[in-house]
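Written out below as structure tokens is the structure these notes cover.
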Amino acid sequence: NDNRIEANHIPLMVFNDPLPYGVLQGHIARANPIWYEHPTDSEVLTIFQGIESYISPSWYASKQETGKVVPTWNYVSVHARGKLRVIDDAHWLRHHLESMVSHHEKKCKHAPWKLTDAPDDFIAMQIKSIIGIEIVITELQGKWKVSQNRLPQDRKSLADALRNNGRNDMADLVCQRNENNP
């Protein structure tokens, strides 16, 4: 590691214990250097991106009045800081994989796949090729920008434009802020 900031895209599951913020659990390929380049208890940052949307200046009611508007981006995200723990334990990994697969397969419209649907020796080989990671969350920070700084008429026209563009999710957030900040 050359002390550069690095980013990795890793599927993680969140669990409530330990309090107050919980723990994130996931796995990475054994070939991924995260587990041997970052010692246990290294501080890490995980970023969870939520709803986001481009905002056109044309969508603001005040554009017609003053013209003093520019494009922007609305977003919601959560930053979780914590301590990294590496887990090289086949039993833990199997349990983790069963939980992750079960969680995601229940959303599928077909017959849910289970780890036991694949041959045991194949799954054992796959488990040998991964390493578990756990991040005990020490700090949570929510970040959001949903045009809350705009005038009520701009937030209303923006929400209407977002709905017209199929972005009901962001329109709902803009409206919630409009209700809370008349």
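Roughly how tilted is helix 152-164, in degrees to the nearest 10 and between 0 and 90, from the longest Cα axis of the chain?
So the helix axis and the longest Cα principal axis differ by about 60 degrees.
What is the calculated FRET efficiency for TYR36 to ASP120, with r their C-beta to C-beta distance and R₀ = 35 Å, to the nearest 0.05?
Details: r = 28 Å, r/R0 = 0.80.
So the FRET efficiency works out to roughly 0.80.
With each label point set 7 Å from Cα along the Cα-Cβ vector, what nm distance links THR72 and LEU45?
The two pseudo-label positions are separated by 2.2 nm.
Setting aside same-chain residues fewer than 8 positions from LYS156, which lysines have a Cα under 23 Å from its Cα?
Reachable lysines: LYS63, LYS68, LYS143, LYS145.
Cross-link candidates for LYS128: which lysines have Cα within less than 20 Å, leaving aside residues fewer than 8 places away along the same chain?
Filter leaves LYS114.
What does the accessible area per residue of the chain come to in Å², with a 1.4 Å probe and no ligands, DNA or RNA counted?
64
If only Cα atoms are counted, what is the Rg of the chain, and what is its Dmax, in Å?
Rg, Dmax (Cα atoms, Å): 21.9, 69.
Expressed as a whole percentage, what fraction of the accessible surface of the chain belongs to carbon and sulfur atoms when a 1.4 Å probe is rolled over the protein heavy atoms?
54
Using a Förster radius of 45 Å, what is the FRET efficiency between ASP17 and LEU151 based on their Cβ-Cβ separation? Nearest 0.05, please.
Values: r = 44 Å, r/R0 = 0.99.
About 0.50, to the nearest 0.05.
At a Förster radius of 25 Å, what calculated FRET efficiency corresponds to the Cβ-Cβ distance of GLU65 and GLN141, to the nearest 0.05?
Computed FRET efficiency for GLU65 and GLN141 comes out at 0.10.
If the cut-off is 17 Å between C-alpha atoms, which lysines fall inside it for LYS109, apart from same-chain ones fewer than 8 positions away?
none
I need to check one value: relative contact order of the chain, counting alpha carbon pairs closer than 8 Å and at least 6 residues apart, in percent.
Answer for the chain is 27 percent.
On C-alpha positions alone, give me the angle between the axis of helix 90-105 and the longest principal axis of the chain, in degrees, nearest 10.
Approximately 40 degrees, to the nearest 10.
Taking a 1.4 Å probe, which of TRP59, TRP73 shows the most accessible area, and what order do the others take after it?
Accessible-area ranking of TRP59, TRP73, largest first: TRP73, TRP59.
Angle, helix 168-180 long axis vs. longest principal axis of the chain, Cα atoms, 0 to 90°, nearest 10?
Between helix and principal axis, roughly 60 degrees.
As an exercise, identify the trypsin sites (Lys or Arg not before Pro) in the stretch 102-162 lying in DSSP coil whose Cβ has no more than 14 other Cβ atoms within 10 Å.
LYS106, LYS107, LYS109, LYS114
The values are calculated or read from the model by the stated rules, or taken from the named source; none is laboratory data. Here the structure is a predicted model, which means the values were calculated and not measured. Heads up, the Cβs are rebuilt from the backbone with ideal geometry, glycines too, and the neighbour counts pull from every protein chain shown. Surface areas here come from the heavy atoms of the whole protein model, side chains and all, with no ligands, DNA or RNA. Shrake-Rupley method; radii C 1.70, N 1.55, O 1.52, S 1.80 Å.
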